[in-house]
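We did not get these values from a lab; they are worked out from the coordinates using the rules stated. Small disclaimer: the values here were computed from a predicted structure and weren't measured. When we count neighbours, we look across all protein chains shown, and the Cβ atoms used for this are built from the backbone with ideal geometry, even at glycine.
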Amino acid sequence: MTEHHEDRQIVVGVTGASGAAYARRLIECLCKARAHVHLVVTPNGRRLFADELGIMEITATALIGGKSERLSIYDYHDVGAKPASGSFRTDGMIICPCSSNTLGAIAAGLSENLLQRAAAVALKEARRLIVVPREMPLSRIDLLNALRLTEAGAIICPASPGFYMVPTAIGDLVDFVVGKLLDLMNIPHQLNTRWADRLDASRHRSESAAKA
């Protein structure tokens, strides 16, 4: 594996649960880390991008500011596309954000579209599948579906930003969640998300003040 992870192949699914900013930042950071992103957006995910970010067409220019060979965008209905096949080697899949509907469909083993099929492939091939639910509150059905996916090998990572990094802007909260997702996928990043880093910085400031 290279230092910049050029060989990493990551499938990203986007559904209609609120949180388009998480999805766009995740795609941006993955491409910046020189991973190849295979993007599948549901019809409600497309509506989400339009409603929350004003993105009317899902293109590389709209998502990451320009054309890139590191971003492949697939038709949601094309169950014959590469991410639908277990023989297409990837390092895993992140569904961000993930609606309760998609959570339930994957937990039930459905493969009615490319996103569901790609998730099923990740599970059957024992690849990392990270699911990012954002809806709240969660019903007992949602919780049982999440448990079923966890037992099947998925990681449930709710879009729950922490505040111990003392965020001052919405972007800080978005970066907190995205940084966690990148860590789970072992993708390098420079986002300010780790408590240990903050402790080290605070300790350094304290030592500098004591010496002054």
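As a calculated quantity, the FRET efficiency between K124 and H189 at R0 = 25 Å, using C-beta atoms, amounts to about 0.30.
The angle between the Cα long axis of helix 170-184 and the longest principal axis of the Cα atoms of the chain comes to about 70 degrees, rounded to the nearest 10. Between region 91-114 and region 1-70, the C-alpha centres lie 16 angstrom from each other.
What's the tally of Lys pairs in the chain whose alpha-carbon atoms lie under 21 angstrom apart, where the two lysines are 8 or more places apart or on different chains? Write out the running numbers ahead of the final one.
Numbers: K32/K67; K32/K180; K67/K82; K82/K124.
Step by step, the pairs that qualify in the chain add up to 4.
For the options I170, I187, I55, a Gaussian network treatment of the chain with springs between C-alpha atoms closer than 10 Å singles out I170 as fluctuating the most.
Placing dummy labels 7 Å off each Cα toward the beta-carbon, the span from V166 to A152 is 4.3 nm.
Sort H77, H36 so the one with the fewest other Cβ atoms within 10 Å of its own Cβ comes first.
Values: H77 12, H36 20.
In increasing order of surrounding Cβ atoms, one gets H77, H36.
Each of T59, T42 was scored by other Cβ atoms within 10 Å of its Cβ. Listed from fewest to most, they are T59, T42. Residues whose amide H lies under 5 Å from that of I155, counting only those 5 or more places away or on a different chain, are L129, I130, V131; hydrogens are built 1.01 Å from N in the peptide plane. The phi torsions of region 144-158, fed into the Karplus equation with coefficients 6.51, -1.76 and 1.60 and a -60° offset, translate into couplings of 5, 5, 5, 5, 4, 5, 4, 5, 7, x, 6, 10, 8, 10, x Hz, rounded to whole numbers, with Gly and Pro shown as x.
Taking DSSP loops as anything outside H, G, I, E and B, show the longest stretch in the chain free of trypsin sites (Lys or Arg not before Pro) there with at most 13 other beta carbons within 10 Å. In the chain, the maximal stretch lacking such sites is 90-212. Please give the helix 20-32 orientation as an angle from the longest Cα principal axis of the chain, in degrees from 0 to 90, rounded to the nearest 10. That works out to roughly 80 degrees. Karplus-derived 3J(HN,Hα) values for region 114-128, using 6.51 cos²θ - 1.76 cosθ + 1.60 with θ = phi - 60°, are 5, 5, 4, 5, 4, 5, 4, 5, 4, 5, 6, 8, 6, 9, 5 Hz; glycine and proline are entered as x. When the charge dipole of region 85-133 is built from unit charges on Cβ atoms (+1 for Lys and Arg, -1 for Asp and Glu) and taken about the Cα centre, the candidate among L114, G92, I130 whose Cα reaches farthest toward its positive end is G92.
Taking 19 Å as the cut-off, the amide N atoms of region 92-118 that come nearer than this to a point 7 Å along the Cα-to-beta-carbon line of D7 belong to 92-93.
About the centre of its Cα atoms, region 9-211 shows a dipole size close to 400 debye [charges on the beta carbon of Lys, Arg (+1) and Asp, Glu (-1) only; nearest 20 debye].
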